[in-house]
1. Show me, for segment 15-23, the HN-Hα J-couplings you get by feeding each phi into the Karplus relation (A = 6.51, B = -1.76, C = 1.60, θ = phi - 60°), rounded to Hz, glycine and proline as x.
2. Averaging sequence separations of C-alpha pairs under 8 Å and six or more residues apart, then dividing by the length of segment 17-111, give the relative contact order as a whole percent.
3. Can you give me the C-alpha center-to-center distance between segment 96-141 and segment 46-64, rounded to a whole angstrom?
4. Leaving out ligands, DNA and RNA, what percent of the accessible area of the chain is carbon and sulfur, probe 1.4 Å?
5. Spelling out what I want: for every residue of segment 72-84, take phi, set θ = phi - 60°, compute 6.51 cos²θ - 1.76 cosθ + 1.60 (Karplus), and round to whole Hz; glycine and proline get x.
6. Between Thr28 and residues 5 or more places away or on another chain, which pairs have amide H atoms under 5 Å apart, with H built 1.01 Å from N, and which residues are they?
7. How much of Lys119 can a 1.4 Å solvent probe reach, expressed as accessible area in Å² and rounded to 10?
8. If r is the Cβ-Cβ distance from Thr139 to Ala92 and R0 is 41 Å, what FRET efficiency results, to the nearest 0.05?
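The values are calculated or read from the model by the stated rules, or taken from the named source; none is laboratory data. Keep in mind it's a predicted model, so treat the numbers as computed, not measured. Neighbour counts run over all protein chains shown; Cβ positions are idealised from the backbone, glycine included. Please note that ligands, DNA and RNA were not included when accessible areas were found on the heavy atoms of the full protein model with its side chains. Shrake-Rupley method; radii C 1.70, N 1.55, O 1.52, S 1.80 Å.
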Amino acid sequence: MNYDAENVFAKIIRDEAPAHRVYEDDSTLAFMDIMPQVDGHTLVIPKCPAVDLFDVPAEMLTRTIAVTQRVAVAVRSAFSADGVMVAQLSGAAAGQTVFHLHFHILPRHAGIDFRLHAKDVAPDAVLAEHAERIRQALTAD
């Protein structure tokens, strides 16, 4: 599959689509998933064009996973999570729906089930508040 520079994540990188950003550097971007499966569901993406795990240069993957770890620590703290799930889906058969490499960070609490993904868009105010909580946790480390 060829990379589509018009996918929503590419547009977010270029500030052509809105997102509640929680972290950004020269190589990566982290922002809130607009259809979260749990409160605090955050995405981390490389800024380079990469369809999936098999399409990203190793150096960029190294940077992206390091940021994923840093943001996961902040998400765990911001949401007082018992654990954190990190997921990466490569290919439609695996459930990938946006064909730009991304990592899902999902804070987990015992006894709280996931909501269905890609079903309900969270209210903007809720996403803004969750993003602020994560940004605060990132500055505290």
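1. The phi angles translate into 6, 9, 9, x, 7, 8, 6, 10, 7 Hz.
2. 31 percent
3. That distance is 21 Å.
4. Within the chain, the accessible surface is 55 percent carbon and sulfur.
5. 4, 4, 5, 5, 4, 5, 5, 10, 6, 7, 6, x, 9
6. Lys47
7. We get 120 Å² for Lys119.
8. 0.65
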